[in-house]
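Q: The structure under discussion is supplied below as structure tokens; questions concerning it will follow.
The values are calculated or read from the model by the stated rules, or taken from the named source; none is laboratory data. Bear in mind the structure is a predicted one, so any value in this text is a computation, not a measurement. Cβ atoms come from the backbone with ideal geometry, glycine included; neighbour counts cover every protein chain shown. The area values use the complete protein model at the heavy-atom level, side chains included, leaving out ligands, DNA and RNA. Shrake-Rupley method; radii C 1.70, N 1.55, O 1.52, S 1.80 Å.
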Amino acid sequence: MSPSPRTPLAVRIFGGFVVVIVTLVFGLMVKEFIWGGRTLHELTTLDPKGTFSNDIQNLVNPVFAVAMVIGIAVIGGVGFIAWHFRDKGDDAEEFPVQLHGKTSFEIGWTALPALILAVVGVFTVLTLIQLNKPAPEALKVEVYGQQWWWGFHYDMNGDGNYQGDGDITTATELVIPVGRTVELSVTSNDVIHSFWIPALNGKRDAVPGQHHPWKLQSNTIGVYRGQCTEFCGLSHANMRMIVRVVSQADYDAWVANQLKPAREPEPGSQAAAGQAIFKAQLCSSCHLINGVSNDSVNNPTTGVTHQLQSGVAPNLTHFMTRGTFIGSIQNLYDPTNPDGSAGDPNDVSRFGDPGDALTGGTIDQSRVNRPTLEAWLRNPSGLKPMSPVKDKAGLLRGMPNLGLTEAQIDQLIAYLTTLN
Ligand code: CUA
């Protein structure tokens, strides 16, 4: 045997580097796991607020604990062996004793991981069954993804039709009562999206032509951020949504207000001029405002009434009851914090608190985020990258720039900011 050369310095430095990186990543994971829930991270799964997210957490915690023990044993073992049996340079002549298998060890390290995975598998399947159990008494809401915003159809009378008389259509923000289970039917109008409110449940894909059941429930009043988690084109990252969990009384007031037609502007006012522009310009061919742009036609064969407007843009009937707009990436209120990034991360009002307007009360005009509203109407793609060019089906991907004059923008905003 010729003496083996010592390990080159570069290899040793690289080895040390790998050990430091692995230790850092592992340490950060442990830190996030133990302390992650103490502050409100917008999209953390480690701070569950409802029954279903708790079910998931109760599965994740023990699995993570087991994985951590195994991780420490493996990384520690590799480290110990690498150090203990390193090339010390003095006994290079000596060739290590060669082992060719030890039956008891091989059975052990095959059976033990299989057993651990089987136990984890049992609890995973039990959790999945729990999460997918139908909830007959639940509030039923159809969720539809579209490039690049989320829409919600509430089946208020429980007749299985999400868009009949007495049902509610809204966008970007889902308002639900605290404690009540909400059964979602998740779908898409164009490409595949994925609906995810980490504080309340896991993800569910929104697939065109399919309706996937999913559930939400929150034990805590609050505002919870969500994000589309399936790459869906240009503004995928800007496809956000919010769940506002409110008291039963606030929810009832919100429902009563949502069921009303849009507020009519004072004749001769700026807002009335804005409404005229809304009807005359392209706005009304995509955006519905109930009572203003919802011309419908009755199909004599089926007896079903169809909306003439495409509804491929958010319904604006009660626009100012929301706290955010533009796919929930900008606040509709609080111009000092337009994108909701500033302030105490535990303060949910930074997600554009609509105040009394949420339930149809007075709109605090001094808090309206006019600069962003103006910028949006002036050049929509400047705030959210979009591709508002008609495709083969005649659909636009996003809001086009209508080339509005400054006077028209002022009038449109005067109108939109009356819609509580
Ligand atoms: Cu919708 Cu990503």
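Q: Give the residues of segment 143-168 that are in contact (Cβ under 8 Å) with a residue 40 or more places away in the chain and within 16 Å of the ligand (Cβ to nearest atom), sorted by residue number.
A: VAL143, TYR144, GLY145, GLN146, GLN147, TRP148, TRP149, TRP150, GLY151
Q: Return the residues of segment 255-269 that are among the small types (Gly, Ala, Ser), touching a residue at least 40 places away in the same chain (Cβ under 8 Å) and surrounded by fewer than 19 Cβ atoms within 10 Å (Cβ to Cβ); say none if nothing qualifies.
A: ALA256, SER269
Q: Is there a residue being assigned to a helix (DSSP H, G or I), out of contact with any Phe, Trp or Tyr (no Cβ under 6 Å at 6 or more places or on another chain) and of a type in the set (Ser, Thr, Tyr) anywhere in segment 137-150?
A: no
Q: Return yes or no: is ALA272 assigned to a helix (DSSP H, G or I), within 16 Å of the ligand (Cβ to nearest atom) and surrounded by fewer than 21 Cβ atoms within 10 Å (Cβ to Cβ)?
A: The answer is no for ALA272.
Q: Shifting gears a bit: Assess whether LEU308 counts as being at pLDDT 90 or above and either more than 16 Å from the ligand (Cβ to nearest atom) or in the same structural domain as VAL191 (by TED's automatic domain parsing) (or both).
A: No, not satisfied.
Q: Would you check if there is a residue in segment 32-39 being modelled with pLDDT of 75 or more and surrounded by 14 or more Cβ atoms within 10 Å (Cβ to Cβ)?
A: No, every residue in segment 32-39 fails to be modelled with pLDDT of 75 or more and surrounded by 14 or more Cβ atoms within 10 Å (Cβ to Cβ).
Q: Among the residues that make up segment 103-112, is at least one of them assigned by TED's automatic domain parsing to the domain that holds PRO48 and either touching a residue at least 24 places away in the same chain (Cβ under 8 Å) or under 30 Å from PRO213 (Cβ atoms) (or both)?
A: Checking segment 103-112: not a single residue is assigned by TED's automatic domain parsing to the domain that holds PRO48 and either touching a residue at least 24 places away in the same chain (Cβ under 8 Å) or under 30 Å from PRO213 (Cβ atoms) (or both).
Q: Name the residue, out of PHE80, PHE105, PHE95, PHE85, that is more than 27 Å from the chain's Cα centre (by Cα) and over 30 Å from VAL22 (Cα atoms).
A: Values: PHE80 fails: over 30 Å from VAL22 (Cα atoms); PHE105 fails: over 30 Å from VAL22 (Cα atoms); PHE85 fails: over 30 Å from VAL22 (Cα atoms).
Residue meeting the stated conditions: PHE95.
Q: Residue by residue through segment 384-410, note down the ones that are open to solvent by 50 Å² or more (accessible area, probe 1.4 Å), closer than 23 Å to ASP339 by Cβ and either part of a loop (DSSP other than H, G, I, E, B) or free of Cβ contacts under 8 Å to residues at least 60 places away in the same chain (or both).
A: Hits for segment 384-410 are PRO385, ASN401.
Q: While we're here: Against the conditions (1) of a type in the set (A, V, I, L, M); (2) within 15 Å of the ligand (Cβ to nearest atom); (3) within 23 Å of THR127 (Cβ to Cβ); (4) in contact (Cβ under 8 Å) with a residue 60 or more places away in the chain, where does ALA171 fall short? Just the number, please.
A: All conditions pass for ALA171, except number (3).
Q: Return yes when ASP339 is part of a loop (DSSP other than H, G, I, E, B), within 30 Å of LEU395 (Cα to Cα) and open to solvent by 50 Å² or more (accessible area, probe 1.4 Å) and no when it is not. Quick ask: steps written out before the conclusion?
A: On the way: part of a loop (DSSP other than H, G, I, E, B): yes; within 30 Å of LEU395 (Cα to Cα): yes; open to solvent by 50 Å² or more (accessible area, probe 1.4 Å): yes.
Against the criterion (part of a loop (DSSP other than H, G, I, E, B), within 30 Å of LEU395 (Cα to Cα) and open to solvent by 50 Å² or more (accessible area, probe 1.4 Å)), ASP339 qualifies.
Q: Just one of (1) out of contact with any strand residue (DSSP E or B) (no Cβ under 7 Å at 6 or more places or on another chain); (2) touching a residue at least 24 places away in the same chain (Cβ under 8 Å); (3) not in a helix (DSSP H, G or I) trips up ALA357, so point out which.
A: (3)
Q: Let me confirm something: among LEU174, LEU126, which residue is outside any loop (DSSP other than H, G, I, E, B) and surrounded by fewer than 19 Cβ atoms within 10 Å (Cβ to Cβ)?
A: LEU126
Q: Any idea how many residues of segment 218-241 are open to solvent by less than 20 Å² (accessible area, probe 1.4 Å) and touching a Phe, Trp or Tyr at 6+ places or on another chain (Cβ under 6 Å)?
A: Total meeting the criteria: 5.
Q: Same structure, new question: Looking only at segment 375-401, how many residues end up being of a type outside the set (A, V, I, L, M, F, W, C) and in contact with a helix residue (DSSP H, G or I) (Cβ under 9 Å, 6 or more places away or on another chain)?
A: We begin by selecting, within segment 375-401, every residue of a type outside the set (A, V, I, L, M, F, W, C); these are 378-382, 384-385, 387-388, 390-392, 394, 397-398, 400-401.
Next, only the ones that are in contact with a helix residue (DSSP H, G or I) (Cβ under 9 Å, 6 or more places away or on another chain) stay: 378, 382, 384-385, 387-388, 398, 400-401.
Adding up the residues that qualify gives 9.
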